[in-house]
Amino acid sequence: RAGALLYTDRIDTVLPARGGRRHVLHLIDRVARTTPAQGRGKTTQLGELFDRAAQAIKRRSLVFVVSDFISEPGWARALAFLGQRHEVIAVRLRDTVEMALPDLGMVTMEDAETGQQLFVDTHDAGCRRRFASLAAQRETALRAALAEAGADCVELSTGDDLADTLARFARLRKRRAQMASGGVPAALMK
């Protein structure tokens, strides 16, 4: 059984959990046809999404949250509440440019959510340092919020191999579950 809550700048679609190949194909098609909200002036409110998910998901479930987690603050409490009843795995999508600006000279940057534009001199080393410092602070706050919420996190970078990253995450979760249950991983028995 699989279902989805699709969010752009608001909850666009609720697809209740159902079984069957046809439903899964419908779900995949609906996700593929969802277009991001650009320039509508509203910022992402992940807390709203997590609150709605907690209301909509009636049975204990495995919940995957696929997001870049760039949102208004305050969502960690709602995610922790969701995690009290469900097993939550945060799938974080990120781009390496979000951590360090390349030296490209003068560029126009646009906020994907608000449409606001800003001219930035990426050739200025001070500008790149400030950007990297702010990105590191945002990264620290994000990791703390996910830890506070008790959510496992898979990080997918735009340059990563998706299958390899997911396989590595599955192996780590399996080892952790074995250790938590008192079992000895096969690798230690050699």
* Pairs where the first residue, in the range 43-61, is more than 22 Å from residue 73 (Cβ to Cβ) and the second is of a type outside the set (S, T, N, Q) and part of a loop (DSSP other than H, G, I, E, B), C-beta under 8 Å, 6+ apart -> 57/86; 60/86; 61/86
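Quick check, is residue 169 in a helix (DSSP H, G or I), at pLDDT below 85 and surrounded by 14 or more Cβ atoms within 10 Å (Cβ to Cβ)?
On the way: in a helix (DSSP H, G or I): yes; at pLDDT below 85: yes; surrounded by 14 or more Cβ atoms within 10 Å (Cβ to Cβ): yes.
So residue 169 fits the description; yes.
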* To do: Kindly list the number of the only condition in (1) part of a helix (DSSP H, G or I); (2) more than 21 Å from the chain's Cα centre (by Cα); (3) modelled with pLDDT of 90 or more that fails for residue 188.
  => (3)
* Could you figure out which of (1) in contact with a strand residue (DSSP E or B) (Cβ under 8 Å, 6 or more places away or on another chain); (2) not in a loop (DSSP other than H, G, I, E, B) isn't true of residue 84? => (1)
* To do: Could you please tell me which pairs satisfy a Cβ distance under 6 Å, a separation of 6+ or placement on different chains, a first residue in the range 77-101 that is touching a residue at least 12 places away in the same chain (Cβ under 8 Å), and a second residue that is of a type in the set (Phe, Trp, Tyr) and assigned to a helix (DSSP H, G or I)?
  => 78/50; 79/50; 82/50; 101/131
* Asked: So which residues in the range 112-137 are within 24 Å of residue 149 (Cβ to Cβ) and open to solvent by less than 50 Å² (accessible area, probe 1.4 Å), if there are any at all?
  -> 113, 135, 136
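For the subset of the range 90-111 comprising residues that are farther than 21 Å from residue 159 by Cα and modelled with pLDDT under 90, which member is most open to solvent (accessible area, probe 1.4 Å)? Before the answer, list the steps.
Here is the first cut: in the range 90-111, the residues farther than 21 Å from residue 159 by Cα are 105-111.
Add one more test, that the residue is modelled with pLDDT under 90, and what stays is 105, 109-111.
On the way: 105: 19, 109: 69, 110: 112, 111: 66 Å².
If we take residues in the range 90-111 being farther than 21 Å from residue 159 by Cα and modelled with pLDDT under 90, then 110 is most open to solvent (accessible area, probe 1.4 Å).
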* Inspect all residues belonging to the range 100-112 and state whether any of them is of a type outside the set (Gly, Ala, Ser), in contact with an Asp or Glu (Cβ under 7 Å, 6 or more places away or on another chain) and at negative phi. => yes
* To do: Scan (1) closer than 24 Å to residue 146 by Cα; (2) open to solvent by 90 Å² or more (accessible area, probe 1.4 Å); (3) modelled with pLDDT of 90 or more for the single condition residue 54 breaks and write down its number.
  => (2)
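Rundown of residues vs (1) under 30 Å from residue 78 (Cβ atoms); (2) in contact with a Gly (Cβ under 8 Å, 6 or more places away or on another chain); (3) at pLDDT 85 or above; (4) not acidic (Asp, Glu), yes/no style:
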position	(1), (2), (3), (4)
124	no, no, yes, no
134	yes, no, yes, yes
146	yes, no, yes, yes
159	no, no, no, yes
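The values are calculated or read from the model by the stated rules, or taken from the named source; none is laboratory data. Worth saying up front: this structure is predicted, and the values here are computed from it rather than measured. Note: ideal-geometry Cβ built from the backbone for every residue, glycine included; neighbour counts use all protein chains shown. Surface areas here come from the heavy atoms of the whole protein model, side chains and all, with no ligands, DNA or RNA. Shrake-Rupley method; radii C 1.70, N 1.55, O 1.52, S 1.80 Å.
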